Amino acid sequence: MPAVRVDLLIVGGTVVTMDGAKRVIENGAVAVRGDEIVAVGPTADLSKRYRARSVINAQGKAVIPGLINTHTHVPMTLFRGIADDLDLNEWLTKYIFPAEAKNVSEQFVRVGARLGLAEMIRGGTTTYCDMYYFEDAIAEETKKAGMRGVLGETIIDFPVSDNKTPAEALKYTDRYLAKWQHDPLIVAAAAPHAPYTVSTENLKLVRKLSDKWKAPVLIHVAETKKERDDILAKYGKTPVDYLASIGFLSDRTIIAHSIWVTDEEIGVLERENVGVGHCPQSNMKLASGVAPIPAMLKANVAVGLGTDGAASNNDLDMWEEIDTAAKLHKNHSGDPKAVSAEQAFEMATIRGARALHLEKLIGSIEAGKRADIAIVGLGSLHQTPFYNVYSALVYSTKASDVETVIINGRVVMKARRLLTLNENAIKKDANAYRDKIIKSLGN
């Protein structure tokens, strides 16, 4: 029987599939045609069955599903480090909102997005979930970079850079959702900022827009105790219960943080199939609290990991989030088994895909899914000696160990060299904005 032609064959690696059986295939191979994975199995088998235009030798490396960042504000890379060591309310109201008012424009967003995209690809992230302003421009930059994104246009009840009223923002979002329908890489979304910054009426209008276009909705929920207490005082319900009571939640909703939630609210999230973006490092840095992730995992909530924006983290490194997620919940609960290495890695891959409602397309290395793959070196000093693949990936691996990244079947980084973005130009443009931001803040 003649060999079947494919575009790409990855051979010789340890393939961490994250499929239903959690198969780990030693000396494994992955065959890719176009944007799709067509076969996964032992190298000896696939090397006989397939002939490829391009072959990548992954011997001594891990072949993993591309990492999924379930919550970002990607242009905020340009605000990295302008205000640290503050609580969320002070950080937002005294520093971030004023800095955004003075600096954010479409060009700012494009420059910041390119910086964030390059950083994420370098670390093996292949899909990210974003909410910011001028999101259509972010979508265009994401598409140019060859990256996958669930990208939400922010709707908020006060004037911001791209839309001065919620009505304008809803009109912008309607056009934006229409433009990106059925794109292979971009999933356009609506992103009301939070229950405390968007009225009940406008939240209901966002839900109608979501229903019209079958589009995801991204929102911050229960990030701080103050938010929980304020929503309870205003509406007589805690945040998740309030959103459920107005018919806002659906199986297209993705909520970020969800720290101050009750067991009953966790049950609501599971029943409504709401995705959750857990941001351990940002939550720690802002002292917002610790999300009840072990309880969410026990309830089988679709919870993924996110970096949040680089202004409150201060990077977009998913490897740090994976490591932190595993350790934080052990320490917080007093139980070293609270979140295992495998569970932490699952949140960065297939469970993260569930959180974005994209598990049928991405999150695992399986035939029929999109070819979003990262090849990770396992031979660095900090990974030596090697015993267990999940231990090595979660507790030892760094972003710098990622060598090659494939998104939708396209190689976007090879041997640590970015192929779709110009790193030197990105740094130059970002540093030019640094000087402008310093002047705008009067520092």
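Derivation of every value follows stated rules applied to the coordinates shown; laboratory data play no part. Remember, it's a predicted structure, so these values are computed and weren't measured experimentally. Glycine also receives a Cβ, built like all others from the backbone with ideal geometry; neighbour counts cover every protein chain displayed.
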Low-density loop cleavage sites - trypsin sites (Lys or Arg not before Pro) in region 349-394, where at most 14 other Cβ are within 10 Å (DSSP): Lys360
Theoretical gain in end-to-end length, Thr93 to Ala367 [0.36 nm per residue, Cα-Cα removed]: 93.9 nm
Ranking of Leu86, Leu328, Leu305, Leu243 by count of other Cβ atoms within 10 Å, fewest first: Leu86, Leu328, Leu243, Leu305
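Full extension from Tyr235 to Asp45: what is 0.36 nm times the residue separation minus their Cα-Cα distance, to one decimal in nm?
On the way: separation 190, 0.36 × 190 = 68.40 nm, distance 6.07 nm.
Value of the extension gain: 62.3 nm.
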Footprinting exposure proxy for Lys102, Lys208 (fewest neighbouring C-beta atoms within 10 Å first): Lys208, Lys102
DSSP-defined beta bridges in the chain - what % are antiparallel, rounded to 5: 40 percent
Selected from Asn422, Asn408, Asn331 as most flexible by GNM, with the chain as the system and alpha-carbon contacts under 10 Å: Asn331
Cut-off 13 Å, label 7 Å out along Cα→Cβ of Arg53, residues of region 396-437 by amide N: 409-411
Max mean-square fluctuation residue, GNM over the chain, Cα-Cα springs under 10 Å, options Glu153, Glu201, Glu227: Glu201
Most mobile listed residue (Phe158, Phe108, Phe345) in the chain, GNM with C-alpha springs under 10 Å: Phe158
The chain: angle of helix 225-235 to the longest principal axis, Cα-based, in degrees nearest 10: 50 degrees
Long pairs among Lys61/Lys398; Lys171/Lys212; Lys164/Lys237; Lys94/Lys439, criterion Cα-Cα beyond 18 Å: Lys164/Lys237
Ranked list, fewest to most other Cβ atoms within 10 Å of each Cβ, for Ser391, Ser199: Ser199, Ser391
Rounded, prolate or oblate (a/c below 1.5 giving rounded, otherwise prolate when a/b exceeds b/c) for region 67-355 by Cα gyration tensor: rounded
Gyration tensor (alpha-carbon) shape descriptor, region 392-443, a/c threshold 1.5: oblate
Computed label-point distance, nm, for sites Lys225 and Asn331 using a 7 Å Cα→Cβ extension: 1.9 nm
Net lengthening on full extension, Arg271/Lys428 (0.36 nm per residue, minus Cα-Cα): 51.8 nm
